[in-house]
1. Kindly provide the GluC sites (Glu not before Pro) of region 34-90 that DSSP labels as loop, not H, G, I, E or B, and whose Cβ sees at most 12 other Cβ atoms within 10 Å.
2. Test of understanding: what is the full-extension gain from residue 159 to residue 131, defined as 0.36 nm times their sequence separation minus their Cα-Cα distance?
3. Can you give the % of DSSP beta bridges in the chain that are antiparallel, to the nearest 5?
4. Project the alpha carbons of region 1-145 onto their principal axes and report the range along each, largest first, in whole Å.
5. Pairs 59/121; 6/141; 81/240; 9/232: which exceed 24 Å Cα-Cα?
6. Amide H of residue 212: which non-local residues (sequence gap of 5 or more, or other chain) have their own amide H closer than 5 Å, using H built in the peptide plane?
7. Over region 184-260, with a single point scatterer placed on each C-alpha, what log10 of the ratio I(q)/I(0) does the Debye formula yield at q = 0.20, 0.27, 0.28 1/Å?
8. From the gyration tensor of the Cα coordinates in the chain, what semi-axes in whole Å does the equivalent ellipsoid have, largest first, with each one equal to sqrt(5λ)?
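The values are calculated or read from the model by the stated rules, or taken from the named source; none is laboratory data. Since the model is a prediction, treat every value here as computed from it, not as a measurement. Note that we place each Cβ from the backbone using ideal geometry, even for glycine, and neighbour counts take in every protein chain shown. Areas reflect the complete protein model, heavy atoms only, side chains present, ligands, DNA and RNA absent. Shrake-Rupley method; radii C 1.70, N 1.55, O 1.52, S 1.80 Å.
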Amino acid sequence: MGFWPKGYKCCVNLSFDYDSDSATIWRTPLDIVNQSRGRFAPNVAIPRILEMLDRHELKATFFVPGWTADRYPDSVKDIIKHGHEIGAHGYTHERLGELSWEIEEGVFERSLSALKKLGVKPEGFRAPYWLISDRTIERIKQFGFSYDSDFMDNDMPYMLEWRGNPTGLVELPVEWMLDDWPQYDTYKRSPEEAYKEWKPEFEGIHRLGRYFGLTCHPQATGRISRLDMLEKLLTDMEEKGDVWFATGKEVADWTRKKLA
Ligand SMILES: [Zn+2]
């Protein structure tokens, strides 16, 4: 018996971390060109990605920093209108693990109030840079999230225990190899090279009936050749006929039902 809903052999969650210029405005305040790279997302990438997902009738999860929601509300509303899930992703893309307890609390409050203005109460949380501390797990519970997506210790979703105690949170694990940022930004790889790395990983996950969580950034993946490559990979997946494409919330709800 497989883990996934009837008829599905494995699960794919496509997620986009919609950082826009939140990180660079704070990290490189004088470098206005570097900041402009993030604006490629609201200007060009988001409409292009939404159009591609519509064509495939796929729903994705967008982790949105509060800054992006405040600065580009129409763009985030557009994502919501297309039926995608919105998760939380800090306010200005902070390195949460390095903040004081008080400042971290303020970040969660501002992040949630920015999303609330757009009518969103997120169930999912993903830390900027996947950087959290022990304490952040308490925060994620305190602020009422149902799932987290930061750890790298599995390729199946699971109920998150921490220091021997259940947290009540579902964990949707991630991995740097399944992230477009190292591919395109850190290592300046081509779309073909990214495909070469992701495709066999997907084939293995399909063979063993496990979970494929892909993390993309609109400003990176929204370039034409890269989005074409992502579409090719999604088409390969669709052709299997037994892949469950699910939002983070759907995966979390299913996992809770099976394991909690
Ligand atoms: Zn991010």
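1. On the way: sites: 51, 57, 85; in loops: 57.
When the GluC sites (Glu not before Pro) of region 34-90 are filtered for loop state and at most 12 Cβ neighbours within 10 Å, 57 remain.
2. Full-extension gain reported as 8.1 nm.
3. Values: 4 of 26 bridges.
Once the DSSP bridges in the chain are tallied, antiparallel ones form about 15 percent.
4. 49, 36, 25
5. Values: 59/121 18 Å; 6/141 31 Å; 81/240 29 Å; 9/232 20 Å.
Violating the 24 Å limit, Cα to Cα: 6/141; 81/240.
6. Amide H to amide H, under 5 Å and 5 or more residues apart or across chains, residue 212 pairs with 11, 12, 13.
7. With no solvent term, the Cα-only Debye profile gives -0.98, -1.35, -1.39.
8. Working: eigenvalues 135, 113, 55 Å².
Square roots of five times the eigenvalues give 26, 24, 17 Å.
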